[in-house]
1. Report the relative contact order of the chain, percent, no decimals, based on alpha-carbon pairs under 8 angstrom and at least 6 residues apart.
2. Picking from 104, 152, 86, whose Cα lies most toward the positive end of the charge dipole for region 24-158 (charges on Cβ: Lys, Arg +1; Asp, Glu -1)?
3. Quick check for me: using +1 on Lys/Arg Cβ and -1 on Asp/Glu Cβ, what's the dipole size of region 114-196 about its Cα centre, in debye to the nearest 20?
4. Normalised by the number of residues in region 12-83, what is the relative contact order in percent for Cα pairs under 8 Å and 6+ residues apart?
5. Which whole-number percent is the relative contact order of region 171-323 (Cα, under 8 Å, 6+ apart)?
6. Residue-wise, which Karplus ³J(HN,Hα) couplings in Hz belong to region 68-77, taking 6.51 cos²θ - 1.76 cosθ + 1.60, θ = phi - 60°, and x for glycine or proline?
7. Determine which residues of region 59-93 fall in the zone a paramagnetic label at residue 106 would reach in this model, i.e. backbone nitrogen under 15 Å from the point 7 Å along Cα→Cβ.
8. Treat every Asp and Glu Cβ in region 49-89 as -1 and every Lys and Arg Cβ as +1, leave all other atoms uncharged, and give the resulting dipole magnitude about the Cα centre to the nearest 20 debye.
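What follows is calculated from the coordinates using simple rules that are stated; it is not laboratory data. Predicted model, so just to flag it, every value in this text is computed and none were measured. Glycine gets a Cβ as well: all are built from the backbone with ideal geometry, and neighbour counts include every protein chain shown.
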Amino acid sequence: MHQSTDFPLSFKNSDVMPAFGLGTWKASGPEEVYRAVREAIRIGYRHIDCALRYENEDEVGRAINDAIAAGEVSRKDLWITTKLWNNAHQKDRVIPAIKESLNNLKLDYLDLYLIHWPVALRPEVIFPGKASEMLSLEEVPIIETWRGMEACVDEGLARHIGVSNFSIKKLEALLPQTRIKPEMNQVESHPYLQQQELFDFCRKNGLHFTAYSPLGSMDRPARLKRENEPIILENETILDIAKAHDASPAQVLIRWALQRGSAVIPKSSNPKRLQENYDARNIVLSPEDMYRIAGLERHHRYIHGEFWTMEGSPYSQATLWDE
Ligand code: A2P
């Protein structure tokens, strides 16, 4: 188990990813995003998680490049991840898509490029309003998309490639067909949705695991919320453990993810919380704390992906999550 505060995750080519990173989903308003990324880098964040579909790569890229120009950090000390959107799953659309992200981010390579969802959309569609705007995985198989991802590595545009929102079943189908293996699966994970089986599968098969929405993403748009959702930041056990360590609940959630060997990308746009989240690396949870948190599992998703599973869609909740 890592006890150091840096939590390096090593890759086969000896690249090292800092397990703690900044999430940028929902960081909106150009100035807010810019300020959050500049502040995060000043605090010491070295891993930034982006996506074309967060509609803020441009501001994130401006902040990264200004921090580099100001001598606060060098490119090689940063780990930048971004993601391929669902409407570019056809093999020959992947390279143009990564180039668009690189152009937004003003970078010449990514550390990690991920397939954002195992879901395909028609090229002209960004978010589907109706089922006919979607394409099935029979029409655009994941392996076709993966060939495009492999080409990103071949062309030196991404150092590592991986997936997001993939189940064990989808990884099992993909892995034997790949020339370059996926090295990351980024999925929702927190004590209410620990994904232990998927976590163990990734470990065994050479993939790292990144936990998104580690704090429960309470700033999600209302249309992505359900009634009476449990609030993980208010869980009694988490509050109790936080109190014992003179820490905040968010810090316990972040440290729990790091201590189990996951990467974790809490989002904040607030300077005080950015610092607080960064300092979570320094708390050490006891085996009993870890055991108590393991007991909180209740298979609760905050992100259901209902935008892909409308009536008539080739995807259902059952086939999206394979459960
Ligand atoms: P804010 O950006 O105002 O700090 P997730 O990473 O699970 O998507 O959660 C992000 C949400 O959690 C945002 O609403 C963010 O608000 C909030 N948040 C981030 N850090 C903390 C913290 N340390 N304590 C409480 N809420 C936090």
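1. 20 percent
2. Going by the charge dipole, the pick is 104.
3. Once rounded to the nearest 20, the dipole reads 160 debye.
4. Once divided by the residue count of region 12-83, the mean separation gives 38 percent.
5. 25 percent.
6. 5, 4, 7, x, 7, 7, 10, 4, 5, 8
7. 59-75, by backbone N distance to the label point.
8. Result for region 49-89 is approximately 200 debye, rounded to the nearest 20.
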